[in-house]
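For reference, the structure discussed in these notes is given below.
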Amino acid sequence: MIAIYPGSFDPITLGHLDLIQRGSRLFERVIVAVLRNPNKMPLFSVQQRLDQIRLSTQHLPNVEVDSFDGLTVNYAQMRHAQVLLRGLRAVSDFEVELQMAHTNKTLSTQIETVFLATSNEYSFLSSSVVKEIARFGGSIDHLVPPHIALDIYQCYNHNSPMLNPISTEATPPLKSMSAQREA
Ligand code: PNS
C-alpha cells in the first residue's frame, strides 16, 4: 500500500520525521509531498524544502520526496496511492484534520486518511513554533535536524546560540541583588 504524507513542511521538524519513519514501517512506500501553495509566503522555497527533506530521509529506502499542486486526492490518485497519512498532536488538530479527511472523502471515496498519534515528545512541535523560536534568537537544535537548523539560523541571520540542547535560556544567570549593587 502506498501512502502520501502531504504538508507544507516549512520546515520539516523532528515530529514530521518521526511520523515518516513510523509510516515507512507500516506502508510499502511513503511519498512525502510538499504542497506548492502560491497563497503562502514560506520561509523556504519548495526546492529548498525538497532538498531538506531528502537529506533527512535518505536512510529510509521506501520514502520518496516530491511536490504537488492542486488537490491532494488528485495527486494521490495520480501516484496510485490509497492512503493519506496525517499526524495528530492534540484535540485541536483532530477538529481540523477530521474536517479535512471528510472533505477529501467527498472528493474521492477511494482514498482513506490514516492518522498516527504524534510521539509524546513532539506533541508541542510545529514548523511555526520552530520559526518563532529561531526568530527571537532561541535554540532550535533539539527540534529539527542539524542541517535544517543551520538553514534556519542563516535565514534569521544569526548563528546557533550554542545552548544546552534542551534549554532555550539565551541569557546568563542573573546576578544577585548584592552583586549588582557592587558592580
Ligand atoms: O502542513 P499543512 O499545512 O498542515 O498541510 C495541509 C495540506 C497541504 C495537507 C492541505 O492544506 C491540503 O491537502 N492542501 C491541498 C488542497 C486540498 O486538497 N484541499 C482539500 C482538503 S481540505
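Throughout, read-outs are computed from the coordinates displayed, never taken from laboratory work. Small disclaimer: the values here were computed from a predicted structure and weren't measured.
Of GLU64, GLU112, GLU121, the residue with the greatest mean-square motion in the GNM of the chain, using alpha carbon springs below 10 Å, is GLU121. Summarising the amide proton neighbourhood of ALA117: residues at separation of 5 or more, or on other chains, whose placed amide H is nearer than 5 Å comprise LEU88.
Per-residue ellipticity at 222 nm, computed for the chain from helices alone with -39500 (n - 2.57) per DSSP H run of at least four residues, works out to -12000 deg cm²/dmol.
For the chain, modelled as a GNM whose springs connect Cα atoms under 10 angstrom apart, the maximal fluctuation among ASP69, ASP18, ASP93 occurs at ASP93.
Note down the relative contact order for the chain as a percent, whole number, built from C-alpha pairs under 8 angstrom at least six residues apart. Value for the chain: 23 percent. Computed on segment 1-92, with alpha-carbon pairs under 8 angstrom and 6+ residues apart, the relative contact order is 41 percent.
For the chain, the longest principal axis of the C-alpha atoms and the axis of helix 91-107 are separated by about 20°. Between PRO145, PRO11, PRO38, the GNM of the chain built on Cα springs shorter than 10 angstrom shows PRO38 fluctuating the most. In the chain, the longest principal axis of the Cα atoms and the axis of helix 46-57 are about 90 degrees apart. Compared with the dominant Cα axis of the chain, that is its longest principal axis, helix 146-155 is turned about 70°.
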